[in-house]
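J.: Attaching a single structure in structure tokens format; questions to follow.
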Amino acid sequence: MVAQEARPAAEALGVELRVFEVRVAADIEAAVETAVRQRCDAAWVLGDPLLNPPRIGALISRAGLPLMSFVRGHTQSGGLVSYGPDLVDLYRRAGAIADRLLKGAVPAELPIEQPTKFEFVVNVRAAKALGLTIPSSVLLRADEVIE
């Protein structure tokens, strides 16, 4: 579904979007190999913790592809950049909701919350390995820069 929503944005930018479905973690290596064979220029991985092993950033960067993800850990393991919700903040907020429920709050009366804190992480080491230079204006905006 996300790929269908991303397709119009990719077309507007003049970017060809190729989707490689991964149903279980074991399918990831084959998807990366296919992306390399099809000469893809970059990878975008959705932040599904059930399908994404922690070292997926290293796997994709070894394949010579810059990786964009929603998950900080993917960038810490070798991906190029990540921008997504601060998971520590989300877990903290989930704990506060659990506390309210345990104290008798009615679930139907609790508000539905969306993430409010986001993180932008840039891996300069991965950029150098890919032969890319990250502009200083981008590095200044990053919450974390991996050297």
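The values are calculated or read from the model by the stated rules, or taken from the named source; none is laboratory data. Just so it is clear, the model here is predicted, and its values are computed rather than measured. Here the Cβ positions follow ideal geometry from the backbone for every residue, glycine too, while neighbour counts run over all protein chains shown.
J.: May I ask you to say which residue of VAL36, VAL106, VAL24 is out of contact with any helix residue (DSSP H, G or I) (no Cβ under 8 Å at 6 or more places or on another chain), without any contact (Cβ under 8 Å) to a residue 12 or more places away in the chain and of a type in the set (Val, Ile, Thr)?
T.: On the way: VAL36 fails: without any contact (Cβ under 8 Å) to a residue 12 or more places away in the chain; VAL24 fails: without any contact (Cβ under 8 Å) to a residue 12 or more places away in the chain.
Answer to the check: VAL106.
J.: All but one of (1) under 19 Å from the mean Cα position of the chain (by Cα); (2) more than 23 Å from ASP143 (Cβ to Cβ); (3) not acidic (Asp, Glu) hold for GLN76; which doesn't?
T.: Condition (2) is where GLN76 drops out.
J.: Can you tell me which of ARG100, ARG141, ARG62 is free of Cβ contacts under 8 Å to residues at least 24 places away in the same chain and in contact with a strand residue (DSSP E or B) (Cβ under 9 Å, 6 or more places away or on another chain)? Step through it out loud before you land on a result.
T.: Values: ARG100 fails: in contact with a strand residue (DSSP E or B) (Cβ under 9 Å, 6 or more places away or on another chain); ARG62 fails: in contact with a strand residue (DSSP E or B) (Cβ under 9 Å, 6 or more places away or on another chain).
From the options ARG100, ARG141, ARG62, the qualifying one is ARG141.
J.: Considering every residue within segment 66-78, establish whether at least one is farther than 24 Å from GLU119 by Cβ and basic (Lys, Arg). Let's see the steps before the verdict.
T.: Taking segment 66-78 as the starting set, the residues that turn out to be farther than 24 Å from GLU119 by Cβ are none.
Scanning segment 66-78, I find no residue that is farther than 24 Å from GLU119 by Cβ and basic (Lys, Arg), so the answer is no.
J.: Take segment 125-140 and flag every residue that is part of a helix (DSSP H, G or I) and under 17 Å from LEU65 (Cβ atoms). Lay out the reasoning, then the answer.
T.: Quick first cut of segment 125-140, residues part of a helix (DSSP H, G or I) only: 125-129, 136-140.
Of everything in segment 125-140, those that are part of a helix (DSSP H, G or I) and under 17 Å from LEU65 (Cβ atoms) turn out to be ARG125, ALA126, ALA127, LYS128, ALA129.
J.: From LEU87, LEU80, LEU51, grab the single residue that is in contact with a helix residue (DSSP H, G or I) (Cβ under 8 Å, 6 or more places away or on another chain) and at pLDDT 95 or above.
T.: LEU80
J.: Please pick out the residue among GLU113, GLU119, GLU144 that is closer than 15 Å to LEU87 by Cα, among the charged types (D, E, K, R), at pLDDT 95 or above and loosely packed, with under 14 Cβ neighbours inside 10 Å.
T.: Values: GLU113 fails: at pLDDT 95 or above; GLU119 fails: loosely packed, with under 14 Cβ neighbours inside 10 Å.
The match here is GLU144.
J.: One residue is enough: does segment 75-86 have a residue meeting the conditions of a type outside the set (S, T, N, Q), farther than 23 Å from ALA42 by Cβ, in contact (Cβ under 8 Å) with a residue 12 or more places away in the chain and touching a strand residue (DSSP E or B) at 6+ places or on another chain (Cβ under 9 Å)? I'd like the intermediate steps shown before the answer.
T.: Within segment 75-86, the subset of a type outside the set (S, T, N, Q) is 78-81, 83-86.
Keeping just the survivors that are farther than 23 Å from ALA42 by Cβ gives 86.
Those left that are additionally in contact (Cβ under 8 Å) with a residue 12 or more places away in the chain: 86.
Cutting the leftovers down to touching a strand residue (DSSP E or B) at 6+ places or on another chain (Cβ under 9 Å) gives us 86.
Taking every residue of segment 75-86 in turn, at least one turns out to be of a type outside the set (S, T, N, Q), farther than 23 Å from ALA42 by Cβ, in contact (Cβ under 8 Å) with a residue 12 or more places away in the chain and touching a strand residue (DSSP E or B) at 6+ places or on another chain (Cβ under 9 Å).
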